[in-house]
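The values are calculated or read from the model by the stated rules, or taken from the named source; none is laboratory data. If you're wondering where the values come from, they're calculated on a predicted model, not measured in any experiment. Every residue, glycine among them, receives a Cβ derived from its backbone with ideal geometry; neighbour counts consider all protein chains shown.
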Amino acid sequence: MSTTTRDRVVIFDTTLRDGEQCPGATMTFEEKLAVADLLDEMGVDIIEAGYPAASNGDFEAVAEIARRSKRAVIAGLARTAANDIDRAGEAVRFAKRPRIHTFVSTSPVHMKYKLQKSADEVLAMSIASVTRARNLVDDVEWSAEDGTRTEIDYLCRCVEAVIKAGATTINIPDTVGYTTPDEYRALFRTVRERVPNSDKAVFSVHCHNDLGMAVANSLAGIEGGARQIECTINGIGERAGNAALEEVVMAMRVRSDVFPYETGIEATMLTRASKMVAGATSFPVQYNKAIVGRNAFAHESGIHQDGMLKHTQTYEIMEPSSVGVSKTSLVMGKHSGRAAFRSKLEEMGHKVSDNQLQDLFIRFKDLADRKKTVYDEDIEALVDENIATAHDRVRLVSLTVIAGTRGPQRATMRLAIEGRQVTEEADGNGPVDATFNAIKALVPHEAALELYQVHAVTEGTDAQAEVTVRLGAEGRSVTARGADPDTLVASAKAYLGALNKLLAGSRRLHAQYAAE
């Protein structure tokens, strides 16, 4: 590698835009603000806060994030349409450092079938959109959607034209996760060499993980001369997801001999960010996920354990503390006090208010009375549930279920609906069906159950059950999780969590709910 100095690589986080497009990963307004605040605090350079023209909700979220931002550039996405650009400009204008990110498809297949436009028409649209955006803000990013399947001569022509029109960042995304590291590295080198004014803009990578190469491709693009990486926390995003922020950051840090680049990310906050996004989206992180997975620093094999006892570097290439994971494990149980519980939460990367601590401590004590041992994963489940239900308008008060070989199975449920408690009984084809029927009787809706999944948070017969529920209505799908030692209670919590998300985002459901 010819690079000898440690070049600065800009981190562009699109968790709140591309990440939230992942089916079922929709976040509430408050969750978006919390994630944005943490991204800003941890040193993300650019936060793509959303797509302002998509809905009033997206616009309000982008605008509020722009108002609250302290250090990061706040970007709003826009198509080439004038209304999109104006709406994005209106939303990000509150930021100290606003950016409009406009995009258009440039590959033959996209231009022919998606846009139904000629190459000349798309070029004209690109120039017009960048010119309009530049009249609103000084920082404009232009993206060639499906750039890795775009003809190189046409791509160079477009890049030269949009830089001349005022684009300050050029993004060439691997939209469908098709390219390979060698191809992507060569693509950036070719474009930067052939475009006369390429030195007037920063080049950016944006890789999807359809073939499992998003992180490798992103790093290859940097080797090819790009200096901005577009990525998401936990790698969430469309289809197989995006390049994971935590992986590209730590790859450059651990293998600085191969990737001599620097970022402004405070790596000790990576695990905290991962947990927050997983809780907000109800998308669990796979146990063996690199950097932030539960097993990333776990060793069960006797050979591995022996090696770790002799020297940690035998099986660990980075210190757990470097990404916010502590080696220390407090044994938590019913005799633990409030101070120990707060310390444990902080050790796990959670900072909570006094009111949140009080609520979590009560839930923890209740769980400790029902279990012999409370593991870190149990506490994580409590925190995730607390975050997910903090703004719920419908809450579970109590549930009693009669089940067995002789029917009918019957559920008696009490809910608090905006503070007003109501009770209902319902039969069902099994205890879970009876539980969900009771919810439908109390909160009438037409949402379809698309996914119901149960797994144990920890080992043992007294383990907490973690239930995932996905509901679909009006073309939207939302996912929520619930945890409890009682599987039926966890099921009710998960169903209500998803229903609350639908109620918050659906006019028809909301009107029906309000009429009850």
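Here are a few things to note about the model shown:
- The residues on offer are ARG17, ARG79, and the sole one that is under 20 Å from VAL130 (Cβ atoms), among the basic types (Lys, Arg) and surrounded by 21 or more Cβ atoms within 10 Å (Cβ to Cβ) is ARG17.
Residues checked against (1) assigned to a helix (DSSP H, G or I); (2) under 25 Å from GLN21 (Cβ atoms); (3) modelled with pLDDT of 95 or more:
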site: VAL159; (1), (2), (3): yes, no, yes
site: ILE170; (1), (2), (3): no, yes, yes
site: VAL176; (1), (2), (3): no, yes, yes
site: THR179; (1), (2), (3): no, yes, yes
site: ARG189; (1), (2), (3): yes, no, yes
site: GLU193; (1), (2), (3): yes, no, yes
site: PRO196; (1), (2), (3): no, no, yes
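- Members of region 229-267 found to be surrounded by fewer than 24 Cβ atoms within 10 Å (Cβ to Cβ), out of contact with any helix residue (DSSP H, G or I) (no Cβ under 6 Å at 6 or more places or on another chain) and either assigned to a strand (DSSP E or B) or hydroxyl-bearing (Ser, Thr, Tyr) (or both), listed by number: SER256, GLU262
- Single residue of GLY224, GLY177, GLY241, GLY237 found to be within 23 Å of TRP142 (Cα to Cα), in contact with a Lys or Arg (Cβ under 7 Å, 6 or more places away or on another chain) and not β-branched (Val, Ile, Thr): GLY224
- Selection status of THR190, surrounded by fewer than 18 Cβ atoms within 10 Å (Cβ to Cβ), assigned by TED's automatic domain parsing to the domain that holds PHE12, free of Cβ contacts under 8 Å to residues at least 60 places away in the same chain and within 27 Å of the chain's Cα centre (by Cα): no
- Scoring ILE65 on the criteria (1) part of a loop (DSSP other than H, G, I, E, B); (2) touching a residue at least 12 places away in the same chain (Cβ under 8 Å) leaves a single failure, condition (1).
- Only a single criterion out of (1) surrounded by 24 or more Cβ atoms within 10 Å (Cβ to Cβ); (2) over 23 Å from GLY50 (Cβ atoms); (3) in contact with a strand residue (DSSP E or B) (Cβ under 6 Å, 6 or more places away or on another chain) is not satisfied by LEU219, namely (3).
- From ASP58, ASP40, ASP18, residue being assigned to a helix (DSSP H, G or I), acidic (Asp, Glu) and touching a Lys or Arg at 6+ places or on another chain (Cβ under 8 Å): ASP40
- Condition met for ASP462 (modelled with pLDDT under 90 and assigned by TED's automatic domain parsing to the domain that holds ASP359): no
- Hits in region 114-157 - residues which are assigned to a helix (DSSP H, G or I), of a type in the set (A, V, I, L, M, F, W, C) and over 14 Å from PHE188 (Cα atoms): LEU115, ALA119, VAL122, LEU123, ALA124, MET125, ILE127, ALA128, VAL130, ALA133
- Some residue of region 272-284 being part of a loop (DSSP other than H, G, I, E, B), small (Gly, Ala, Ser) and closer than 19 Å to GLN228 by Cβ: no
- Any hit, region 118-130, residues being under 23 Å from THR15 (Cα atoms), in contact with a Gly (Cβ under 7 Å, 6 or more places away or on another chain) and in the same structural domain as LEU33 (by TED's automatic domain parsing): no
- Residue list for region 198-217, restricted to those being outside any strand (DSSP E or B) and β-branched (Val, Ile, Thr): VAL215
- Residue under evaluation ALA226, criteria (1) hydrophobic (A, V, I, L, M, F, W, C); (2) within 22 Å of ILE152 (Cβ to Cβ); (3) part of a helix (DSSP H, G or I), criterion not met: (3)
- Candidate set from region 8-43 (those that are β-branched (Val, Ile, Thr) and touching a Leu at 6+ places or on another chain (Cβ under 8 Å)); member that is farthest from ALA243 (Cα to Cα): VAL35
- Of the candidates TYR261, TYR287, the single residue that is among the aromatic types (Phe, Trp, Tyr), closer than 18 Å to VAL44 by Cβ and not assigned by TED's automatic domain parsing to the domain that holds MET348 is TYR261.
- Residue in region 480-493 that is surrounded by fewer than 17 Cβ atoms within 10 Å (Cβ to Cβ), closer than 30 Å to VAL277 by Cβ and not β-branched (Val, Ile, Thr) present: yes
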